[in-house]
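Worksheet: the structure to be examined is printed underneath.
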């Protein structure tokens, strides 16, 4: 589990390797990641956009930007949370993701919420001590 908090918005990420959807012999490794976004503050916010930076073990970087998450722009009142699951493929057996969500208050103020960097490691990935 990975977590971060920005302006009373907590983001918790739980990645998991999807062996059934992966094909290592073809250079395809797939992960799911479950995200929980909690509004721990006193103001209502809406998630407007997302930005992901996905890096594989070879150093290849993919950036993803778009409206909302999983087709939604959730509204989070104080004390509320939103959860979703998504996924990503990589050409290598490990990598990591990091990103941010652009939030907007009811007054129209925008701010970015950090998504913690999280590791994507397949079970067959060799572990090395650096």
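The values are calculated or read from the model by the stated rules, or taken from the named source; none is laboratory data. Worth saying up front: this structure is predicted, and the values here are computed from it rather than measured. Note that each Cβ is placed from the backbone with ideal geometry, even for glycine, and that neighbours are counted across all protein chains shown.
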* Taking residue 99 and the conditions (1) part of a loop (DSSP other than H, G, I, E, B); (2) touching a strand residue (DSSP E or B) at 6+ places or on another chain (Cβ under 7 Å); (3) under 23 Å from residue 54 (Cβ atoms), which numbered condition does it fall short on, given that it satisfies the others? -> (1)
* Structure fact -> Within region 79-96, residues in contact (Cβ under 8 Å) with a residue 60 or more places away in the chain, surrounded by fewer than 15 Cβ atoms within 10 Å (Cβ to Cβ) and assigned to a strand (DSSP E or B) come out as 87
* Does region 16-32 contain any residue that is over 11 Å from the mean Cα position of the chain (by Cα), outside any strand (DSSP E or B) and over 18 Å from residue 123 (Cα atoms)? -> no
* Is it fair to say residue 44 is under 21 Å from residue 31 (Cα atoms), surrounded by 15 or more Cβ atoms within 10 Å (Cβ to Cβ) and touching a residue at least 40 places away in the same chain (Cβ under 8 Å)? -> no
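Conditions (1) in a strand (DSSP E or B); (2) surrounded by fewer than 18 Cβ atoms within 10 Å (Cβ to Cβ); (3) touching a helix residue (DSSP H, G or I) at 6+ places or on another chain (Cβ under 8 Å); (4) in contact (Cβ under 8 Å) with a residue 12 or more places away in the chain, marked per residue:
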position	(1), (2), (3), (4)
13	yes, no, no, yes
35	yes, no, no, yes
48	yes, yes, no, yes
62	yes, yes, no, no
111	yes, yes, no, yes
* For residue 30, state whether it is at pLDDT 95 or above and touching a helix residue (DSSP H, G or I) at 6+ places or on another chain (Cβ under 6 Å). => yes
* Check off (1) more than 18 Å from residue 14 (Cα to Cα); (2) surrounded by 11 or more Cβ atoms within 10 Å (Cβ to Cβ); (3) touching a residue at least 24 places away in the same chain (Cβ under 8 Å) for residue 68 and give me the number that stays unchecked. => (3)
* Structure fact -> Scanning region 51-64 for residues that are within 15 Å of the chain's Cα centre (by Cα) and over 16 Å from residue 117 (Cα atoms) gives none
* Here are 43, 104: which of them is closer than 28 Å to residue 8 by Cα, modelled with pLDDT of 95 or more, part of a loop (DSSP other than H, G, I, E, B) and over 17 Å from the mean Cα position of the chain (by Cα)? -> 43
